[in-house]
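Let me begin by presenting the structure, written as structure tokens, before commenting on it.
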Amino acid sequence: MTPAEPKRKPLSLTRQILIAMAAGLAIGVLIKLTGPAPLAQRWLIDGIFLVGGKVFLAALKLLVVPLVFVSLVCGTASLDDIAKLGRVGGKTLGLYIATTAVAISLAIAVALLIAPGAGFELSTTASFQVQQAPPLSETFIAIFPTNPFKAMAEGNMLQVIVFSILFGLALCMTGDAGKRIGSAFEDLNTVVMKLVMMIMMTAPYGVFCLIAKVFAEQGLGAILPLVKYFGVVVLCLALHAGLAYPAMLKVLGGLSPLGFLKKARSPLLFAFSTASSNATLPVTLETAKDKMGVHNSIASFTIPLGATINMDGTAIMQGVATVFIAQAYGIDLGVNDYAMVVVTATLASIGTAGVPGVGLIMLAMVLKQVHLPVEGIGLIIGVDRLLDMMRTAVNTAGDLAVTCVVARSERQLDMKIFNADTRHAADVHLRKEFHGAIEASARQRERR
Ligand code: ASP
């Protein structure tokens, strides 16, 4: 009898995405280097890559509103009391704002030290059509919806979040009717998560198209005149992700940064490929709950909120860009100006939508605040797409890190799942056990 052939393990989705990214990068760079032939331009860049990438992004975005609404209603409804919502909300907002302020302060300090804009040749640059960034007061007023359906139709995530929390709270307070609707929402949540899984299966193809198109069009040549600016942004992103998040996880949460990083791989790759925190949201949410062991009542609140308002990577770009533009135009900024940049960029990151390129538009608001020429954005626009991919990965890492810390402080983080290798089916079983146990204890409290 011949021994049975050892079964080959199927590649995990993260691996498949990594391979797709590498293939997309190789093919994109190859097309760029050989100078795109008209046929490659028509059939590949403007054909398969464009259509494949756009359809994939549309499919991801399609999930965002139903996912945020349903999961946030379930999450809020499962919080035991309003005091807990206030406590979790306070901690989450506090950490989101604090990490963003740290990120931008670090960016300004490093940029001042390296001086990426000193001696920059202004004449070699592209021009930028100045776009109006909204004033701060409007950004605040716009958080409150007048019509939830309009907010959903327009994909206005802050408004959707406000409505979902209010709706979830009302469910909590409505007794039997609230329980019935709540359990329907739980079922709906399971269906939406299934939809997420279905769309995720196409991710390797979508990621391949997105990456191939970016590199076939941009190549690496655009970076050369801006290599110092590019390098400083990348350095600050690496420092923030490699020092600030690990320190926060370890000191505030007692969590292993390495374990965190291993589990965060998928959402980080997604964020990099799509350059959109919003489009990455389904993967971030699934990772927080299923792989890191954060209970739904926390994750469904902190992750959508983070994808909408927490943008550390974007703030880093804005800090470095401000210093770069000031130096390129030979304008001196004082300490007060930089303090103003920290405050404005932190607030601007709250108003930045989690979609590609918006950080650059919000930069206009920061520049205006310290009277720098908004046209300066034209200097850096050429390399922004690549930086957008990297900063979006940092934005997403920040959402996950804060979520884990808040969950730990609320005893809603299952350490068995956080430390386990979640590729094994047994871990999924663990998760069910954990969530079951929390729900049972909530029921017990109710009975008492
Ligand atoms: N693309 C970023 C995000 O989605 C926002 C930006 O910086 O433009 O998080």
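Summary of computed values
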quantity	calculated
Subset of region 171-185 that is open to solvent by less than 40 Å² (accessible area, probe 1.4 Å) and not hydrophobic (A, V, I, L, M, F, W, C) - its residue that is nearest to the chain's Cα centre (by Cα)	182
Selection from region 210-222 of residues that are open to solvent by less than 10 Å² (accessible area, probe 1.4 Å) and either among the β-branched types (Val, Ile, Thr) or under 21 Å from the mean Cα position of the chain (by Cα) (or both)	211
One residue from 106, 166, 195, 188 being within 30 Å of residue 251 (Cα to Cα), modelled with pLDDT of 85 or more and open to solvent by 30 Å² or more (accessible area, probe 1.4 Å)	106
Failed condition for residue 330, given (1) over 17 Å from the mean Cα position of the chain (by Cα); (2) closer than 24 Å to residue 186 by Cβ; (3) not aromatic (Phe, Trp, Tyr)	(2)
Pick from region 300-325, criterion within 14 Å of the ligand (Cβ to nearest atom) and among the hydroxyl-bearing types (Ser, Thr, Tyr), ranking: modelled with the lowest pLDDT	308
For residue 296: the one exception among (1) within 10 Å of the ligand (Cβ to nearest atom); (2) open to solvent by 10 Å² or more (accessible area, probe 1.4 Å)	(1)
Residues being assigned to a helix (DSSP H, G or I), within 10 Å of the ligand (Cβ to nearest atom) and either more than 29 Å from residue 154 (Cβ to Cβ) or β-branched (Val, Ile, Thr) (or both) - total across region 338-397	5
Meets criteria (more than 18 Å from residue 110 (Cβ to Cβ), touching a strand residue (DSSP E or B) at 6+ places or on another chain (Cβ under 7 Å) and either away from the ligand (no atom under 12 Å from the Cβ) or touching a residue at least 12 places away in the same chain (Cβ under 8 Å) (or both)) for residue 334	no
Residue within region 399-411 that is charged (D, E, K, R), away from the ligand (no atom under 13 Å from the Cβ) and within 18 Å of residue 99 (Cα to Cα) present	yes
Tally of residues being open to solvent by 50 Å² or more (accessible area, probe 1.4 Å) and either modelled with pLDDT of 80 or more or in contact with a Lys or Arg (Cβ under 9 Å, 6 or more places away or on another chain) (or both) across region 62-82	3
Condition broken by residue 328, with the remaining ones in (1) more than 15 Å from the ligand (Cβ to nearest atom); (2) surrounded by fewer than 20 Cβ atoms within 10 Å (Cβ to Cβ) satisfied	(2)
Candidate set: region 223-276, residues that are within 16 Å of the ligand (Cβ to nearest atom) and polar (S, T, N, Q); chosen: the one surrounded by the fewest Cβ atoms within 10 Å (Cβ to Cβ)	276
Failed condition for residue 365, given (1) touching a helix residue (DSSP H, G or I) at 6+ places or on another chain (Cβ under 8 Å); (2) modelled with pLDDT under 90; (3) open to solvent by less than 10 Å² (accessible area, probe 1.4 Å)	(3)
Single residue of region 38-87 satisfying the filter (touching a helix residue (DSSP H, G or I) at 6+ places or on another chain (Cβ under 9 Å) and among the aromatic types (Phe, Trp, Tyr)) that is farthest from residue 188 (Cα to Cα)	49
Pairs, first under 17 Å from residue 211 (Cβ atoms) in region 35-57, second of a type in the set (Lys, Arg), C-beta under 7 Å, six or more apart	45/213; 49/213; 50/213; 53/213
Any hit, region 26-40, residues being in contact with a Ser or Thr (Cβ under 9 Å, 6 or more places away or on another chain) and open to solvent by 50 Å² or more (accessible area, probe 1.4 Å)	no
Residue selected from region 41-61 under the condition open to solvent by less than 20 Å² (accessible area, probe 1.4 Å) and in contact with a Leu (Cβ under 9 Å, 6 or more places away or on another chain), by the criterion nearest to residue 282 (Cα to Cα)	60
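The values are calculated or read from the model by the stated rules, or taken from the named source; none is laboratory data. Just so we're clear, the structure is a prediction, and the values are computed from it rather than from any experiment. Virtual Cβ from ideal backbone geometry, glycine too; neighbours counted across all protein chains shown. The area values use the complete protein model at the heavy-atom level, side chains included, leaving out ligands, DNA and RNA. Shrake-Rupley method; radii C 1.70, N 1.55, O 1.52, S 1.80 Å.
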